1. When region B:220-239 is examined, which residues are found to be open to solvent by 30 Å² or more (accessible area, probe 1.4 Å) and under 21 Å from B:M273 (Cβ atoms)?
2. Considering only residues that are open to solvent by less than 80 Å² (accessible area, probe 1.4 Å) and over 40 Å from the mean Cα position of the chain (by Cα), look in region A:11-30 and name the one that is farthest from the other protein chains (Cβ to nearest Cβ).
3. I need a count of the residues in region B:269-300 that are at pLDDT 85 or above and facing chain A (nearest Cβ under 7 Å).
4. Could you list all residues from region B:73-91 that are open to solvent by 20 Å² or more (accessible area, probe 1.4 Å) and under 16 Å from the mean Cα position of the chain (by Cα)?
5. Among the residues of region A:262-305, count how many are assigned to a loop (DSSP other than H, G, I, E, B) and crowded, with 21+ Cβ neighbours inside 10 Å.
6. Within region A:79-119, track down each residue that is open to solvent by less than 40 Å² (accessible area, probe 1.4 Å), free of Cβ contacts under 8 Å to residues at least 40 places away in the same chain and of a type outside the set (A, V, I, L, M, F, W, C).
7. Tell me, which helices (runs of 4 or more DSSP H) lie completely within region A:60-102 with 1 or more residues that are among the acidic types (D, E)?
8. Taking the conditions exactly as written (within 12 Å of chain A (Cβ to nearest Cβ) and either closer than 17 Å to A:I140 by Cα or aromatic (F, W, Y) (or both)), does B:S48 satisfy them or not?
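The values are calculated or read from the model by the stated rules, or taken from the named source; none is laboratory data. All figures in this text were calculated on a predicted structure; none of them were measured in a lab. Because the Cβ atoms are built from the backbone with ideal geometry, glycine has one as well, and the counts that use them run over all protein chains shown. Surface accessibility is based on the protein's heavy atoms, side chains included, excluding ligands, DNA and RNA. Shrake-Rupley method; radii C 1.70, N 1.55, O 1.52, S 1.80 Å.
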Amino acid sequence: MMDMIDKKRGMRLRNRVRLKRRIWAARNLYLMFFPVLVYYALFRYAPMGGLMIAFKDFNAFLGFEKSPWVGFKFFNQFFNSIYLWRLVRNTLLINLYDLLFNFPASIILALLLNEVPNKRFKKAAQTITYLPYFISSVVIASMVVQFLSPSSGIVNHFIAALGGERQYFMTQPGSFRTIYTVMNLWKNIGWNSIIFLAAISGINGELYEACMIDGGGYLRRMWHITLPGIASTIVVLIIMRLGHVMDAGYETILLLQNNANLETSDVIGTYVYRRGLRGGEYSYATAVGMFQSVIGFTMVIMANYLSRRYSETSLW
Amino acid sequence: MHTSLPQKTLSAAPKRKKWTKGDYAVFIILTLTALLILMPFYNAVVISLETNRAYALHPVSLYPAEFSLKNYQYLIDKGQLSIGFQNTILITISGTVLSMAASVMMAYAFSRKFPGKKLLFLLMMFTMFFSGGMIPTYLQMKALKLIDSRWGIILFVGVSTYNIVILKSGFEQTPVDLEDAAKIDGANDLVIFFRVMLPLQGPLLATFTLFTAVAYWNEWFWSMLLINSSGKMTLQTVLRSIVAEAAAAADVSTGEADLDVFSQGVKMAAVMMAMVPIMCFYPFLQKYFVKGVMVGSVKM
């Protein structure tokens, strides 16, 4: 009996010594780590702790500690407001439009690029279609506004030339989603096609040769070989996108937003900015932001689970 | 020569000599797509090179009816943009260097074994999916005295967890033999890191350097939130104020003498100036980033 206890203690001791030795052996690695570790603590985890002000009535003079607790007051305020439905609807629809129109468009672009017989032309087409992805949102928003200007924009120029009436696109709530979706199509179509091109390049070339020998043309090759070959990539990407339907990039939206189109252009991010940082309602805006973070987190976890079940691809 | 080489391109389609009808259809569709994508840029260039009078007569034209550089001249004389350029260049260069150095070190450390790795990796991954959000981040910036500081922008953009994860798997896939061989040759950890490990990650490093630099260059929202004094404003915030200040712009086009300068022209000239650096670097880096993105998507 005593023997065993001694043995156990000895093993624990040995393990501890071994652990110390392993830590010492990895000291250079810890040193490499250190700056980023501090960074993550200060800029990623400290703000998570700051989420507690969603449950407090934050007052800058009292500070984090002394501001009084109010429980779910601000969450209830948001759930009972007209904004909940409006913001969720706008966010979901913007993402749905993107999935319905822009996602297939990038697949089609990849299929087309794959069929280009001339290498140089292919490269030029890729260079041009990827370009808008690297342009800043301020530049893009400025060009959108100029493009759609009622008096001098190119779009209204054509509408007027065809005998139509000039439209104030930026101030019509009914136009916002279309504008935003087309803008994103323009910006992302090339970039999003890269991943499909990568998937296509993984398809066995012999399949194409067999199809050619059988006399299969473009469309048959596309339908029977290329599309099935990238089907799993498509499914995984759709699942991942569904995981992100509650996120909408608010930066560009904010740049295109005005009081007239708020009805359709307001998303959670822009609302949090307006109420929190412009209006100073820190606690309320934090609660609204937290609502989005929690739902987004849950949905991404679910999407990842689905993706792992369906294919072997998952984020972790 | 190119016929004998095995197909190394992304194209899975076999090569053919004569163009078929389908080839022409693909060619035409892609050409039209490319033209549509370039059109807004071209439209902006034309407006920026126009004079006010010509623009008032024909707001939409294929080429500037009266070519003039007055809009650019006006912007340069005003000096606002050059302050923006200075600050943004400073932030982009120092931010990219710091961010890449930190990411590479973190990714390399994560590709080796050490006690506590699993927990730390999980903690890092978690930040990809959950964050404190806008208001708590802003308050934290305030608590750290980073308001109205260029460091605030450098640190806010900071390191990207996604990049670290991809780089980590890049390092993991380097053969252990290489490291062992270097060790036998008497190389120490640092030499191995800089001479053996890093060069092997060339395309990935080029890609992420480009992404990081572009992120710094394009950052608008947080520089708008953090920076108050006009001397520290970044390019994108200056650009935004030029574009958004309708009143100031109206003053330009109705103002005293210079009829060649007009608000839309000035706006588009500013837009072009903010874009030019990216347009200049982009074609050279393109071959790297496509490779890097492919590697990244495979490694995920």
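1. Residues satisfying the conditions are B:M224, B:S230, B:G231, B:K232, B:M233.
2. A:V17
3. 3
4. Selection gives B:F85, B:I89, B:L90.
5. Kept after step one, since they are assigned to a loop (DSSP other than H, G, I, E, B), are these residues of region A:262-305: A:266-267, A:279-281.
Within this subset, residues satisfying the condition of being crowded, with 21+ Cβ neighbours inside 10 Å are A:266-267.
So the count comes out to 2.
6. A:S81 - this is the single residue of region A:79-119 that is open to solvent by less than 40 Å² (accessible area, probe 1.4 Å), free of Cβ contacts under 8 Å to residues at least 40 places away in the same chain and of a type outside the set (A, V, I, L, M, F, W, C).
7. Result: A:63-66.
8. On the way: within 12 Å of chain A (Cβ to nearest Cβ): yes; either closer than 17 Å to A:I140 by Cα or aromatic (F, W, Y) (or both): yes.
In short, yes.
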